[in-house]
Every structure is written in C-alpha cells, then in structure tokens.
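Chemist: Below is a structure I'd like to ask you about.
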Amino acid sequence: MNIFVRKPIESIVYDEEHTGERNLKRTMGAKSLVALGIGVIIGAGIFSLTGIAAAENAGPAVVIAFMIAALGCALAGMCYSEFASMIPMAGSAYTYAYATLGEFIAWVIGWDLVLEYAVGAACVAVGWSGYVTSFLKDFGIIFPQQLMMCPFDKVTLTDGTVLHGLINLPAILIICLTSILLMIGIKESSNFNIIIVIVKLVVVATFITIGISYVNTANYTPFIPPNTGKFGEFGWSGIMRAAGVIFFSYIGFDTVSTAAQEAKNPQKDIPIGILGSLAICTIIYVVFSLVLTGMVNYQDMRGDAAPVATAINLTPFPWLQKMIKVGIIAGFTSVILILLYGQSRVFFSMSRDGLLPKMFSDVHPVWHTPWRSNLLFMFFVSIFAGFVPISKLGHMTSIGTLFAFVIVCIGVIVLRKTQPNRPRPFRTPGVPGLPIAGALVCFAMMYSLGWETWMRLFVWLAVGCVVYFGYGRFHSKLAQK
C-alpha cells in the first residue's frame with residue numbers, strides 16, 4: 001500500500017454526511033467558536049507560562065516574545081482558516097494533511113496533535129493546582145506540599161528543609177472532572193465555557209486596570225537581560241525560546257478548527273472563530289505581560305506556578321486577591337476542558353478512518369459524544385499532570401503545536417498547486433509567500449526549544465510510527481477501498 005495515498009476531499013465530505021448515528025451534533029455558532037478560542041488562549045499562557053518564560057528565558061522582553069509568537073499564529077491561522085472553510089470536518093490539521101500530503105503524514109500530525117492537546121491539558125492542570133492551593137491558603141486551608149508537586153519538583157521551607165513532591169493530586173482531580181463533563185455533552189460544555197470566558201475577561205481587565213498603578217518601572221531594567229552564555233537564557237536567543245514556550249498559549253484557534261463538524265455554518269463561522277479569537281487575545285497578552293513584569297521582577301518569578309497570584313498579593317485589596325484567583329481558576333478550567341475536547345475529536349477522526357480502533361469513533365447513544373476517547377485520556381493526561389513538571393509539559397506542548405502549524409502551512413501551498421480551482425470560501429492571501437513565512441517562523445521557534453524537547457518529540461513520533469505500521473496501515477479504510 002502507498003502510505004502517502006491522499007484522501008479526496010469529496011470522500012471526506014461524503015464520509016461525514018453518511019455516518020448515520022455517529023454524526024456529531026451541529027450546535028456551535030460563531031460566538032461560541034470565538035468563545036472557544038478565547039477560552040483556551042487566555043489561560044496558562046498569561047497566568048503561568050508568562051512568569052516561567054520571563055524568569056528563565058526573556059525577562060521583561062517576554063512582551064516581544066508574545067509578539068513573535070503572535071506573528072507565527074497569524075500566518076498559520078490564515079492557513080487554518082482556508083482549510084477549515086474547504087474541509088469543515090473534525091480532526092483539524094490531521095484531516096487537512098490527509099487531503100493534501102497523504103495518509104502517513106496525516107497519521108504523524110494526528111499523533112502529534114494528541115501530544116499537543118493531552119500534554120497541554122496536563123500543563124494547565126498543574127497551573128490550576130498552584131492557584132487553587134494559593135486560594136485555599138487565603139482561607140487558612142493548607143494543602144500538603146507533597147501532594148501538590150510531582151516527584152521531580154522540590155521546595156525549600158522557611159526552616160531550610162527541602163521537601164520533595166509525591167503527586168500533584170489537585171491536577172489529577174480537575175482532569176477527571178472536566179473529562180466527565182465532556183462525556184456528558186458538548187452543548188452543556190459549550191455553555192459552561194462561555195460563562196467562564198466572560199468571567200475570565202472581567203478578571204483580566206480588572207488585573208490590568210488596577211495593576212498599572214502598582215507597576216515599578218525599575219523592574220523593566222534591563223528590558224532584555226544579557227545572555228548568560230547559554231543559548232535560550234536571556235538575550236535574543238532567550239526571547240526566541242520564550243516565544244517557543246509561550247506559543248503553547250496560542251493554540252486556541254487550532255482547537256477551534258477541531259469543532260468544524262459541530263459548527264452550524266463551518267465555512268463562515270470557523271474563520272471568524274479562528275481569526276477573531278486570535279486578534280482579541282494577542283492585544284490582551286501584550287498588555288497583560290507588560291503589567292505583570294512591571295509589578296513583579298522577573299527574577300522573583302522563577303519556579304512560581306502562580307505568578308499572577310504573587311503580583312496580586314502586592315496590592316492592599318483582599319477582595320481583589322480572591323476575585324482574581326477565582327477568575328484564574330475558572331479560566332484554567334475552561335482551558336483544560338477545551339484541550340481535552342480537541343484531543344477527543346482528533347482521535348474520533350483517526351478512528352473513523354480506521355487508523356485507530358473503532359471504539360474511539362463510537363458515539364454514546366444518549367450523550368452523542370465520543371466518550372471512550374475522553375475516558376482513555378482522562379487516565380493518560382492524569383498521569384502527566386500528576387507526575388511531570390510544568391516547564392517540561394509546556395515545552396512538549398509547544399513543539400507539538402508548532403509542528404502541526406508547519407504542516408498546515410505547507411499543506412496550503414500543496415493544495416493550491418494540486419487543486420487550484422477548488423472553491424475556497426476563505427483564501428489565504430499572498431500564497432505561497434505567506435504560508436512559507438508562517439512555516440519558517442514556526443520552525444524557528446521549534447529550533448529554539450532545545451535538543452531535549454526535540455528528543456521527546458522524536459520518541460513520541462517513533463511510538464506513533466510503531467502503532468501506525470503495526471495497526472493503522474492494515475486497518476485503513478482508504479487502503480481497503
């Protein structure tokens with residue numbers, strides 16, 4: 001069998017229209033999709049990873065890193081919009097690669113998306129744990145340190161005792177709760193997400209408005225800390241690595257594309273959801289990171305999974321401290337919800353094509369959701385959330401996201417050459433220049449993430465190749481046809 005055989009777009013559309021009882025419900029409009037994007041974009045990026053990227057890589061220049069990441073997102077987002085308007089199906093970049101670059105590349109990108117969404121959800125769950133325990137501490141409830149850190153983390157107590165973690169129990173709990181909600185139904189999950197997004201935007205606006213008054217301009221000096229002599233630690237190489245790290249926080253529009261099969265008018269609504277959420281969140285990110293690094297010196301954020309809580313504690317308003325933390329906790333919950341949602345829809349598409357067992361594309365008769373995918377990854381993601389440090393999780397998610405974006409940018413160029421006359425409700429401008437620029441910017445950020453992160457990606461993809469050549473290749477419905 002030719003492992004690079006491509007699935008015709010007509011076949012993709014036909015399969016979607018004739019799946020009978022397995023059809024997903026089309027319940028999401030443009031507003032829901034924009035909320036979906038904002039819900040996942042505004043989360044770990046500004047509430048946790050901003051502090052980590054500033055402390056370890058860029059200093060106050062993390063603001064520049066956000067701009068570079070936004071540039072890559074804007075270029076890739078236009079390519080995603082073109083594909084989503086042409087192929088309004090679940091599966092995101094996996095489905096697009098199947099139609100343009102062939103089955104094996106589609107498998108690789110699908111397996112990569114599992115890494116992106118699943119590990120990303122674990123990363124956010126660790127941040128959620130940090131803010132929840134900080135909030136409980138405000139009420140005198142002290143959660144045992146060893147039960148909110150993974151075994152690879154440690155903390156030095158006031159008496160000098162070094163305490164090593166055992167398991168991040170709160171992170172595991174939130175993964176289980178959100179997975180159960182997704183099993184119950186997407187409409188209920190979508191309504192829940194919209195409410196949380198509104199709360200989150202109010203919290204972010206409040207933080208920016210009040211936080212400006214507590215900015216210490218001395219914290220901006222030096223704006224670009226000098227490089228330590230090691231690539232990725234401050235200087236311009238540090239800014240590029242920070243851009244790669246925080247790129248994780250921009251995967252919202254990527255998740256929007258996975259909802260194409262549940263959108264009411266995907267040709268129109270998906271591009272609005274992708275580009276609209278990206279534009280709104282980029283502005284918020286830049287302003288938010290300026291205020292945060294102005295309130296707290298970047299050196300004081302090292303190892304802090306809840307830097308916004310640290311910044312708020314500098315203000316004399318107890319009510320504000322609690323309000324901000326509640327909003328952040330709610331926001332993190334929506335991010336976890338959407339990432340787990342995106343992952344299950346990618347698995348749904350891969351299973352429907354025969355590359356994974358049929359059980360993952362079976363829809364629950366009452367809930368109308370691919371509940372077995374949610375159940376599997378509830379267990380899988382919980383392991384990562386409970387036993388892996390947040391910085392490692394963030395790097396793994398970012399490189400997976402960037403890899404998917406590179407493939408999508410290349411896919412637009414290929415499809416313009418192979419099927420130039422196919423109707424495109426949304427057209428990426430400046431082809432091939434713009435997609436090439438998008439692929440180069442994304443690859444530059446991938447390169448900056450370091451060899452350890454690359455090795456983890458290669459190991460994950462190697463495992464995926466074993467699964468494909470051991471199962472998917474022989475059960476592919478396209479091959480059987």
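Each reported figure results from applying straightforward, stated rules to the coordinates on display, with no laboratory input. It should be emphasised that the depicted structure is a prediction, and the values quoted were computed from it without experimental measurement. Glycine also receives a Cβ, built like all others from the backbone with ideal geometry; neighbour counts cover every protein chain displayed.
Chemist: Could you check the simple spin-label distance between residue 10 and residue 367, using points 7 Å along Cα→Cβ, in nm with one decimal?
Modeler: 3.8
Chemist: What ³J(HN,Hα) values, in whole Hz, does the Karplus curve 6.51 cos²θ - 1.76 cosθ + 1.60 give for the range 317-328 when θ = phi - 60°, with x put for Gly and Pro?
Modeler: Result, rounded to whole Hz: 10, x, 5, 5, 4, 6, 5, 4, 5, 5, x, 5.
Chemist: Follow-up question, since we're still on this one. Read phi for every residue in the range 470-481 and hand back ³J(HN,Hα) as whole Hz from Karplus 6.51 cos²θ - 1.76 cosθ + 1.60, θ = phi - 60°, with x for Gly and Pro.
Modeler: Going residue by residue, I get x, 9, x, 4, 8, 10, 4, 5, 5, 5, 5, 5 Hz, with x marking Gly and Pro.
Chemist: Still on this structure, I have one more. With no solvent and one point per C-alpha, what does the Debye sum give as log10 I(q)/I(0) for the range 336-451 at q = 0.10, 0.13, 0.22, 0.23 Å⁻¹?
Modeler: -0.47, -0.76, -1.14, -1.16
Chemist: Hey, what's the per residue convex hull volume over the C-alpha atoms of the chain, in cubic angstrom?
Modeler: Working: hull volume 65.0 nm³, N = 481.
It comes to 135 Å³ per residue, whole-number rounded.
Chemist: Let me ask something else about it. Want the number for residue 437 to residue 314: 0.36 nm per residue separation, take away the alpha-carbon distance, what's left? Before the final figure, lay out the partial values.
Modeler: Values: separation 123, 0.36 × 123 = 44.28 nm, distance 4.20 nm.
Here the answer is 40.1 nm.
Chemist: Determine, for 325, 137, the number of other Cβ atoms within 10 Å of each Cβ, and report the residues in order from fewest to most. Mind showing how you got there, number by number?
Modeler: On the way: 325 23, 137 13.
The fewest-first ordering by Cβ neighbours comes to 137, 325.
Chemist: Rounded to the nearest 0.05, what FRET efficiency is calculated for residue 279 and residue 217 with R0 set to 30 Å and r the Cβ-Cβ distance? Kindly include the intermediate steps, with their values, before the conclusion.
Modeler: Working: r = 29 Å, r/R0 = 0.96.
Calculated value: 0.55.
Chemist: Right, something else. Give me the distance in nm between label points sitting 7 Å out from Cα along the Cα-to-Cβ direction at residue 136 and residue 227, one decimal.
Modeler: 4.4
Chemist: How high is the relative contact order of the chain, in percent, counting Cα pairs under 8 Å that sit 6 or more residues apart?
Modeler: Working: 917 pairs, mean separation 161.0, N = 481.
Reported relative contact order: 33 percent.
Chemist: Follow-up. Please give the contour-minus-distance gain from residue 466 to residue 481: 0.36 nm per residue of separation, less the Cα-Cα distance, rounded to one decimal in nm.
Modeler: Numbers: separation 15, 0.36 × 15 = 5.40 nm, distance 2.30 nm.
Separation in residues times 0.36 nm, less the Cα-Cα distance, equals 3.1 nm.
Chemist: Using only helices, what value at 222 nm comes out for the chain when you add -39,500 (n - 2.57) per DSSP H run of length 4 or more and divide by the total residues, to the nearest 500 deg cm²/dmol?
Modeler: Values: 18 runs with 307 residues, N = 481.
Calculated at 222 nm, the ellipticity per residue is -21500 deg cm²/dmol.
Chemist: A further question follows. If R₀ is 56 angstrom, what is the calculated FRET efficiency for the pair residue 145 and residue 421, using the beta carbon separation as r and rounding to 0.05? Before the final figure, lay out the partial values.
Modeler: Values: r = 62 Å, r/R0 = 1.11.
It comes to 0.35.
Chemist: Additional query: Can you give me the distance in nm between label points at residue 300 and residue 383, each placed 7 Å from the Cα along the Cα-to-Cβ direction?
Modeler: Calculated label separation equals 4.0 nm.
Chemist: In what sequence do 351, 334 fall when counting other Cβ within 10 Å, fewest first? Write out the running numbers ahead of the final one.
Modeler: Working: 351 21, 334 27.
The most exposed by this proxy come first: 351, 334.
Chemist: Given the pairs 200/358; 7/264; 154/200; 154/230; 154/325; 264/481, which span a C-alpha to C-alpha distance of over 26 angstrom in this model? Don't jump to the answer; show the numbers that get you there.
Modeler: Details: 200/358 38 Å; 7/264 24 Å; 154/200 30 Å; 154/230 24 Å; 154/325 23 Å; 264/481 30 Å.
Violating the 26 Å limit, Cα to Cα: 200/358; 154/200; 264/481.
Chemist: Kindly give Rg over Rh for the range 122-222, based on alpha-carbon atoms, with the Kirkwood expression for the hydrodynamic radius. Numbers along the way, then the final one.
Modeler: Numbers: Rg = 17.8 Å, Rh = 16.7 Å.
Here the Rg-to-Rh quotient is 1.07.
Chemist: Over all directions, the average projected area of the alpha-carbon convex hull for the range 200-240 comes to how many nm²?
Modeler: The orientation-averaged projected area of the Cα hull of the range 200-240 comes to 4.1 nm².
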